[in-house]
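A short worksheet on the structure shown next.
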Amino acid sequence: MDGKVKEQKRHQQKQSGPQAERKKLKKQGGSREEDARKRNPKAFAVQSAVRMAKTFHRSQDIKMKKHHIPLVDRTPLEPPPIVIVVVGPPKVGKSTLIRCLIKNFARQKLGDICGPVTIISGKKRRLTFMECSNDINTMIDLAKVADLVLMLIDASFGFEMETFEFLNICQVHGFPRIMGVLTHLDSFKDNKALRKTKKNLKHRFWTEVYQGAKLFYLSGMVYGEYQAQEVKNLGRFISVMKFRPLVWQTSHPYVLVDRMEDLTDPDRLRTDPKCDRTVSLYGYLRGTYLKNKGQVHIPGVGDFQVGDVNFLPDPCALPAAQKKRALNEKERMLYAPMAGVGGVVYDKDAVYIDLPASHVDQQQDEVRPNTELVQSLIDTHATLDEKMAASKVSLFSGSATLEPAEVEEQSGEEGGLGEKCVWDPTTQRKRRKVVFTGEEEEEEDGSGSSDDEDGDSEDSDQEQDDDEENLSTYLKEARAGCDETEKTVADAPPVKRPKLDVGKGESAEVPVFADSEDDLEMSEEEEEEEEEEESGEEGEAGRAGDSGHCSEEEESEDCKEGSEGELEGTGEAADATMEEQTASKSMEEEEEEEGVGLRWKEGLRQKASDAFLRQQQAVPNLRKLVYGSVVQADDSEDEEQELGGLFRVSRPQTSKKYQANAVDSSRFHPDTSHQWDQEEMLNSIRDCFVTGKWDESQDAATLLKEDEELYGDFEDLETGEVHKNPTGKQNRAEQNGENPDSDDDDDDEHEETVVKVDDDELQKNKRLEKKQRLKERFNSEYDGGDATYFDDLKEELQKQAELNRAEFDGVDDETRVQYEGFRPGMYVRLEIPSLPCEFVTNFDPHYPIILGGLSSAEGNVGYLQMRLKKHRWYNRILKTRDPLILSLGWRRFQTIPLYHIEDHNGRHRLLKYTPQHMHCGASIWGPVTPQGTGFLAVQTVAGAKANFRIAATGVILDLDKSVTVVKKLKLIGYPYKIFKNTSFIKGMFNTVLEVAKFEGASVRTVSGVRGMIKKALSTPEGAFRASFEDRLLMSDVVFLRSWFPVSVPQLYNPVTSLLLPVGQKDSWAGMRTLGQLKHDLGIRYMPNVDSLYKPVVRTKRQFNRLHIPKELQKALPFKSKPKLQQPKGKTPRDLQRPSVIREPHEKKVAALLHALSTVHNFKRKKAHQVQHAKHKQFLQQKGKQEEAKLKRQKESRKKLYRVMGQEDKRKQRSSLKGASKDD
């Protein structure tokens, strides 16, 4: 090996073949098809115009089928969360899938799925998950509000009846987007069986939904959860899915309730527990705009009038618009009040803090309320008198407390405060809990884990001295936090805990961290600061700005001001408390901290006003900074003013010094770090205002001059006075190099001509620009050529949507609500009075509560005409007047329908049963619903049936009583007198008045003789005279066929399933059918005897002899004369032959002759058969001979004809030869 590297054989590129040809064409940039078209244009020409027309029509049909009717986009800029309903049979994995999706989106685990669960899935999309149980009521309600349905299918079992029931419910109430999810795929051991099952289920699912419907496969479970990648893929599909607006949802406002509060007066509940309740329901408004004081329907409860509607801050608001791809951890919010997520909830008039009892007992330190006020109220166990008797007063900070009984004596003991001994399991010691002082525990928002915090608190508790055990819990924890921060500041991140230098000459400003986002409202600067911290590393929430309210921050500040010896060790602002110290420092601290528990309650109103004044004084005077000095009142009072030489007035707003580079730098105080009287500082911010220079190309002064030139001259339309702009003239004069103050006439004329020329040029340029724009628009439309009516309609609706959005753009929500109502996407609070008490006492969060808005007409009840068809999978036919439960609009109610069908003459004939495989009409008494609304019918909603539960489907046709349903009525009478063609009939009517109503009506007999009612008879009652086309018989039955109008039963019984006790909400039972009643009561049906089938026994009738007049007999032909039809009479006795009686010998001789004749006949018959067989054989032989003979004759004829033909040919040739020679 002499250092040479062996060369590898290079890959030889293909020089021929189809692949090489494709590569060459790709390099050249040409196409074989285009070359072929150029080479041989005839081959690509139209071969058949008919085929080309068919192809074109087919392509256009396919293209048009993809089009939907464009609708005006009415979705708000911040749409409500998308409702995702997870449906499936029991034990198929619904709750597991919801938990996995929540974990995928929100990074949180949720135990029991109760009620709607709202999460933020992206920057512009929120999702609300709702689990649908097997109850038919829940399935019907959720199908009406669902935007997306995740339909879970057990692949190991196959499709179950619940799946098809929900699909049919969706088809009736507006088909939402449906995605199938196959579970239990890990039960298949054979891949071939798995593929076959997937294929079968997929095609069956396509048949029910639509071709190409998405079907997801969840292959298996890992540690009780679905695989993360499969759940992530499902979440991606959900996040990007688009939705088609449904007609019913977009035309009605509705709220899927996620929280319920009972507002009933407790005194009234105490006196009357069964009284109607006043309830406030919360949720996102969807659909269309909701007006206040409107009417709503709660499915499962009934119709109610809304008492009041308010919109609240969004509890699960979308993140601020930022240029980033994904959400950070803080923005992945989860809101599920019914599932116990979201401890602090804001209301219009209250703040609700959720404190689970189990968590309070077990983890007392972790789930304490976030405000001292709330905790003190919770921990209060004594009355106000006891508190007053046990209270102590401290004249000034640092002094001893004075009891009411011992005003003149100082008490250094620990008495006066209510105590409660509590065993702390974490530190294994008994701790004394002060009753009046609220515990407060700092929870770091979005920072380290709770385990670390617990560990820190344990360490800090162990490091405290024994003499600090008598302090209040709040000050203990505050000091512990400070001490622990002092020691661990080198290890911890600088953002996590600010460092405090206690007892040194520098002032250290201690920030107060919010326990949660709900405690203190954060300002914009703090939100920006938080975003910056989250982009780098995790940090705590900044200190909230002074909002003017007496918050936790103010309380802590007051405590710190009162104990400046400990927390504010600055020599520059030393307080009177430091000068008054006579005892040791530890004793002073004990006494100070004993009084803190009472002092925070004192003077809350004064503290709030002081905080507001402090905030106003901290704000710089913008007018002074921008426009110069402003005369201000100068306070000449000293910072500390002595009163009687004993007390000094402590002024927090003057003694408190702020530093820009302090620990809490989120509070920026410009007056402490900048001298705004200097010109340099003013120039540094001058461009931040409207009079400055904002950009390189935008200067305020230049823009103002241009505006004055353009809009300077104007005319007052009311007075007619014309105002000229002097500045504009001056500017134009200065541009032309002239003196603006000159009054020369030539200058004025020249100036006017210049202005006129400029105006003309400006107008000309505007006209040219307008023409150019019109020309470009025409060219674009003409060259495009593809713009259709569909595109024009879409463009028009797009403009309408932009107009709708721009109408109230920039108007605050309070004003918009008064004009257009509450818009979709708002989080609203609806207060509903007079709800049944069972709604609150039997409340179950697993069942959805929907508030469906009703229009002004939908609150009425009336007659409805419907088209109905029995479902092909329902195994029983429906009977008229049997009660039926309908789901129509928002409502579920029971009614009694009448089925009818329209005849060819327009008559609506009553049907006893629904027809098979065809539609029929139905009339009901129910709530007025718009025409075209679909409905479905079930016979019962109680429990789960083995068979298909949906009995019928249909649509609303009409809303009035215009259709008259009639049933057939047969009236029967009998003739009692007959005169030729006139008869008297009785038994059909009862009174003369009834007969008078039916005069002129046609009647018939059973034998088919037609007649007409003429007039009533006086006796008997109800008899009448009728004429017929033939004479009747006394045995004839006369009947009158008429149509009787049927009235629709007025039954409207709402299904109140939500009022039933917990665990029995799927057992609502309304009116029973007649068959169910008889079955339950054990009544056997006794049929009418006349209606039973029995054998028909007809008596033989004797008809009279036909009488033909003699004249008519003479005219008849001979064969039709009556004599031929007369039966023969009896033979006379003399013509009758006597019967012969034989002797015994004669009988024997006759028998012998009979036997001999029988033998002779048999022999003759047998000989005849033999002869017949011989003859048949002879005929066969003769036939064969005849065939042979004919064959021979045929052959001989052929031979003869052949010879004769040859002779003819020979003669013909010889004649032709002779002719040619002669010529």
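The values are calculated or read from the model by the stated rules, or taken from the named source; none is laboratory data. What you are looking at is a predicted structure, and each value in this text was computed from that prediction instead of being measured. Cβ placement follows ideal geometry from the backbone for every residue including glycine, while neighbour counts extend to all protein chains displayed. Accessible surface areas use protein heavy atoms only, side chains included; no ligands, DNA or RNA. Shrake-Rupley method; radii C 1.70, N 1.55, O 1.52, S 1.80 Å.
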When region 1028-1055 is examined, which residues are found to be within 29 Å of Asp903 (Cβ to Cβ), open to solvent by less than 70 Å² (accessible area, probe 1.4 Å) and not in a loop (DSSP other than H, G, I, E, B)? Phe1028, Val1038, Phe1039, Leu1040, Ser1042
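Yes/no matrix, rows are residues, columns are (1) more than 33 Å from the chain's Cα centre (by Cα); (2) touching a residue at least 40 places away in the same chain (Cβ under 8 Å):
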residue: Arg872; (1), (2): no, yes
residue: His908; (1), (2): yes, yes
residue: Tyr913; (1), (2): yes, no
residue: Met918; (1), (2): no, yes
residue: Val928; (1), (2): no, yes
residue: Gly934; (1), (2): no, yes
For Arg867, state whether it is in contact (Cβ under 8 Å) with a residue 60 or more places away in the chain, in a strand (DSSP E or B) and open to solvent by 20 Å² or more (accessible area, probe 1.4 Å). yes
Pull up region 778-793, narrow it to residues that are modelled with pLDDT of 75 or more and of a type in the set (D, E, K, R), then point me to the one that is surrounded by the most Cβ atoms within 10 Å (Cβ to Cβ). Asp791
I'd like to know if region 1141-1153 contains one or more residues that are at pLDDT below 95, loosely packed, with under 10 Cβ neighbours inside 10 Å, outside any helix (DSSP H, G or I) and of a type outside the set (Phe, Trp, Tyr). yes
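Residues checked against (1) under 30 Å from Val941 (Cα atoms); (2) in contact (Cβ under 8 Å) with a residue 24 or more places away in the chain; (3) of a type outside the set (S, T, N, Q):
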site	(1), (2), (3)
Leu110	no, yes, yes
Ile136	yes, yes, yes
Met151	yes, yes, yes
Glu165	yes, yes, yes
Met179	yes, yes, yes
Asn200	no, no, no
For Ile877, which of the numbered conditions (1) assigned to a loop (DSSP other than H, G, I, E, B); (2) surrounded by fewer than 16 Cβ atoms within 10 Å (Cβ to Cβ); (3) out of contact with any Ser or Thr (no Cβ under 9 Å at 6 or more places or on another chain) fails to hold? (3)
Pick out, from region 902-1005, the strands (runs of 3 or more DSSP E) lying fully within it that include 3 or more residues that are aromatic (Phe, Trp, Tyr). 965-979
Which condition breaks for Gly1022 when tested against (1) part of a strand (DSSP E or B); (2) open to solvent by less than 50 Å² (accessible area, probe 1.4 Å)? (1)
Check region 955-969 and report whether any residue there is open to solvent by less than 10 Å² (accessible area, probe 1.4 Å) and under 30 Å from Thr250 (Cα atoms). yes
Gly287 vs (1) open to solvent by less than 60 Å² (accessible area, probe 1.4 Å); (2) modelled with pLDDT under 90: all pass except (2)
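Residue-wise test of (1) over 30 Å from Lys869 (Cα atoms); (2) touching a strand residue (DSSP E or B) at 6+ places or on another chain (Cβ under 6 Å).
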residue: Arg107; (1), (2): yes, no
residue: Asn134; (1), (2): no, no
residue: Asp141; (1), (2): no, yes
residue: Glu160; (1), (2): no, no
residue: Phe164; (1), (2): no, no
residue: Ile178; (1), (2): no, yes
residue: Phe188; (1), (2): yes, no
residue: Lys196; (1), (2): yes, no
Please go through region 1018-1028 and pick out each residue that is modelled with pLDDT of 95 or more and not hydroxyl-bearing (Ser, Thr, Tyr). Ala1023, Phe1024, Arg1025, Ala1026, Phe1028
Residue under question is Ala193, and the condition is that it be of a type outside the set (Lys, Arg) and in contact with a helix residue (DSSP H, G or I) (Cβ under 9 Å, 6 or more places away or on another chain); does it hold? no
Find the residue count for region 970-997, including only residues that are open to solvent by less than 80 Å² (accessible area, probe 1.4 Å) and within 58 Å of the chain's Cα centre (by Cα). 1
Scan region 217-245 and report the pairs whose first residue is more than 19 Å from Lys94 (Cβ to Cβ) and whose second residue is modelled with pLDDT under 90 and among the hydroxyl-bearing types (Ser, Thr, Tyr), with Cβ atoms within less than 6 Å and a gap of 6+ or a chain change. Ser239/Ser121
Could you pull out every one of the helices (runs of 4 or more DSSP H) wholly within region 16-100 that has 3 or more residues that are open to solvent by 90 Å² or more (accessible area, probe 1.4 Å), closer than 30 Å to Pro245 by Cβ and of a type outside the set (Gly, Ala, Ser)? 49-65
Using beta carbons and a limit of 7 Å, which pairs, at least six apart or on different chains, have the first residue in region 812-829 and in a loop (DSSP other than H, G, I, E, B) and the second one acidic (Asp, Glu)? Gly825/Glu78
